[in-house]
Ligand code: GLN
């Protein structure tokens, strides 16, 4: 690169222009966040020094980040974090980046949690659901599980950094789970396999396929969890799911058929179906129906 002298403001503009050229949707926002990460300056500090010359070393680091972002690497992977429920979660290529939509799920679960309740977050990924609940609802006993060891390592690290008391379990859905819970919550992979290739490159190329893929019709994990959750829920215990916008009917019908009561679909801020929940039937009744000893 030619030796030029540019101010912080000029460098930020150049970054934005490069991202725009690469077709990045929120070019100016991303250009700013990368600037903030490199300079460690708040917006106010930046405004005060924006006409000063930016050091060569910092410029190099900045454009390194811009180049990676132009290759569609998610901003969160470059910054190493994503905020969720007001907490900062570390993210990497082995976990799904926490989405704002999932905050609705946490809010719904939070409404019914009381101290002493046992909560299981299946497919915990970054741990964002289990950790947020543990931090927001003191006195609950939270467990997060995931089939991916790498994901679980990230979740554990997030729990440690945020000082959340959560137990972590490596488990393929319920295979490694024992005991019973008052709440089971999950944001499982729910995108039909064929649709994954239509997603934006940031997601399709850099987020874990395993965290997205809901198999042929996207409902694979809901089917399995609805069928098995029953055996791990206390009487009156609740099951909560995040779902895709077009899965409300399919998931709620399956829950009703499986004997859940008060099955509800809750919409997100965009007015789309986002959360399904229901209450497990009486445990003794359920066991009787299955012909087991009570
Ligand atoms: N539970 C995590 C989240 O909500 C991960 C979900 C997933 O991997 N499908 O972000």
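No lab work stands behind these numbers, since they all come straight from the coordinates. These numbers come from a predicted model, not from an experiment.
Once you have a ≥ b ≥ c as the square roots of the Cα gyration tensor eigenvalues for the stretch 128-270, tell me rounded if a/c is under 1.5, and otherwise prolate or oblate according to whether a/b is larger than b/c.
Details: a/c = 1.61, a/b = 1.07, b/c = 1.51.
Oblate shape, in that a/c is at least 1.5 and b/c is the bigger or equal ratio.
Angle between the Cα long axis of helix 27-39 and the longest principal axis of the chain, 0 to 90 degrees, nearest 10? Helix 27-39 sits at roughly 80 degrees to that axis.
Hey, what did the stretch 70-210 get for relative contact order, percent, Cα under 8 Å, at least 6 apart?
Relative contact order here is 26 percent.
How far is helix 102-112 tilted, in degrees, relative to the longest principal axis of the Cα atoms in the chain, given as a value from 0 to 90 rounded to the nearest 10? Rounded to the nearest ten degrees, it is 40. Taking the DSSP bridge list for the stretch 169-294 and keeping only pairs wholly inside it, about 60 percent are antiparallel. Seen against the Cα atoms of the chain and their longest principal axis, helix 56-70 is set at about 50 degrees. Relative contact order for the chain: 13 percent, from Cα pairs under 8 Å spaced at least 6 residues apart, divided by residue count.
Once you sort the root eigenvalues of the Cα gyration tensor of the stretch 1-150 as a ≥ b ≥ c, which label holds: rounded (a/c under 1.5), prolate (a/b larger than b/c) or oblate (the other case)? Before the final figure, lay out each step's value.
Numbers: a/c = 3.20, a/b = 2.39, b/c = 1.34.
Because a/c hits 1.5 or more and a/b exceeds b/c, the stretch 1-150 counts as prolate.
Once you sort the root eigenvalues of the Cα gyration tensor of the stretch 99-150 as a ≥ b ≥ c, which label holds: rounded (a/c under 1.5), prolate (a/b larger than b/c) or oblate (the other case)?
Judged from the Cα gyration tensor, the stretch 99-150 comes out oblate (a/c at least 1.5, b/c at or above a/b).
At full extension, residue 26 and residue 7 could sit 4.6 nm farther apart than now, given 0.36 nm per residue minus the alpha carbon distance.
When the helix-only estimate is applied to the chain (DSSP H runs of n ≥ 4, each -39,500 (n - 2.57), divided by the residue count), what is the mean residue ellipticity at 222 nm, nearest 500 deg cm²/dmol? Working shown, then result.
Working: 14 runs with 128 residues, N = 294.
Taking each H run of at least 4 residues, the total per residue is -12500 deg cm²/dmol.
Treating each Cα of the chain as an identical point scatterer and summing with the Debye formula, the log10 of I(q)/I(0) at q = 0.09 Å⁻¹ comes to -0.51. Here the relative contact order of the stretch 1-131, from alpha carbon pairs under 8 Å that lie six or more residues apart, stands at 20 percent. The antiparallel fraction among DSSP beta bridges confined to the chain stands at about 45%. Note on the chain: with a GNM built from Cα contacts shorter than 10 Å, the maximum mean-square fluctuation among 241, 174, 46 falls on 46.
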